[in-house]
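The values are calculated or read from the model by the stated rules, or taken from the named source; none is laboratory data. Just so we're clear, the structure is a prediction, and the values are computed from it rather than from any experiment. Every residue, glycine as well, gets a Cβ built from its backbone with ideal geometry; the counts of neighbours run over all protein chains shown. Remember, those area values only see protein heavy atoms, side chains included, never the ligands or the DNA or RNA. Shrake-Rupley method; radii C 1.70, N 1.55, O 1.52, S 1.80 Å.
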Amino acid sequence: MKKTLISLILPICLLFTTRTEAQTYTIGADNGINGAMVYPTPFGDYYKNMRTQHLYRASELTAAGMTAGFISEISWDVITLPASVDETEGYTIKLLSTGTSSLSLTTWESGATTVWGPTDYTPVAGINNFVLGVPFFWDGASNIIVEICGGNPAGVFTKNARVTWTGPLGFNGSHTYNSDVEFLCAYTGPLYYDDSPGGPDYRPQI
């Protein structure tokens with residue numbers, strides 16, 4: 001099965017908690033959306049299986065008003081769903097504090113902690129919010145990597161949910177590997193492609 005891919009980037013919303021209050025922050029700008037066959041996206045289904053990492057710099061988090069504390073929820077805004085929406089089997093979200101300021105085009109960042117899943121998940125139009133089973137402590141200075149994986153070679157595929165994204169960034173903010181024949185949550189091999197379409201990379205907005 002031959003698929004031609006182009007790569008891009010997006011934004012996310014974080015619910016950030018301290019002892020006295022919870023606040024929601026949007027990280028990234030709304031610079032458009034990924035295409036139905038375009039990566040990165042947190043809800044990829046153009047291939048049956050996906051592993052992807054997205055880098056959010058501490059400077060972006062502090063610019064949004066965040067200070068050190070626990071991240072308890074994460075969400076993405078789905079603007080358009082494919083005509084046929086399928087679930088992602090074993091959908092898993094992981095977080096990692098890192099000093100890396102630009103993702104490699106050839107290797108993964110290791111050591112991410114699972115904060116949600118693995119659970120079968122079907123994206124919906126609008127805000128897709130995930131309450132983290134394990135709140136993640138951000139130290140106020142480190143960059144954060146959001147890693148997403150899931151899928152099943154025995155499953156089906158359709159097209160990607162189209163999500164708000166941020167870019168160009170001036171650094172590599174995402175990288176992705178997709179497959180129709182492999183489980184990828186434990187995949188550590190080479191990247192299939194980097195998410196930089198001839199220039200600074202895009203990334204999902206949170």
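All other residues with a Cβ under 10 Å from the Cβ of THR119 taken together, and with Lys, Arg as +1 and Asp, Glu as -1, what is their net charge?
Its environment carries a net charge of -3.
Within region 158-176, list the residues whose amide N lies under 16 Å from a label point set 7 Å along Cα→Cβ of SER104.
Only 172-176 fall inside the zone, counting backbone N under 16 Å.
How much length, in nm to one decimal, is gained on full extension between THR67 and ALA141, taken as 0.36 nm per residue of separation minus their Cα-Cα distance? Write down the numbers at each step before the final one.
Numbers: separation 74, 0.36 × 74 = 26.64 nm, distance 0.87 nm.
Working it through step by step, the gained length comes to 25.8 nm.
Quick one: divide the alpha-carbon radius of gyration of region 97-139 by 2.2 N^0.38 Å and tell me what you get.
Values: Rg = 14.0 Å, N = 43, 2.2 N^0.38 = 9.2 Å.
In units of the 2.2 N^0.38 Å rule of thumb, it is 1.52.
Under a point spin-label approximation (7 Å from Cα along Cα-to-Cβ), what is the PHE171-THR114 distance to one decimal in nm?
2.9 nm
Please compute P(r) over all alpha-carbon pairs of region 32-84, binned at 5 Å starting from zero, and give each bin as a whole-number percent.
Taking all Cα pairs of region 32-84, the binned fractions are 4, 13, 21, 21, 16, 13, 9, 3, 0 percent.
Set the Förster radius R0 to 35 Å, insert the Cβ-Cβ distance between ASP86 and TYR187 as r into 1/(1 + (r/R0)^6), and round the FRET efficiency to 0.05.
Working: r = 20 Å, r/R0 = 0.58.
With a Förster radius of 35 Å, E is 0.95.
How large is the accessible surface per residue of region 39-117, computed with a 1.4 Å probe and reported in Å² as a whole number?
On the way: 2720 Å² over 79 residues.
Per residue, region 39-117 has an accessible area of 34 Å².
Mind listing P(r) for region 91-187? All alpha-carbon pairs, 5 Å bins, whole percents.
2, 9, 19, 22, 23, 18, 6, 1, 0
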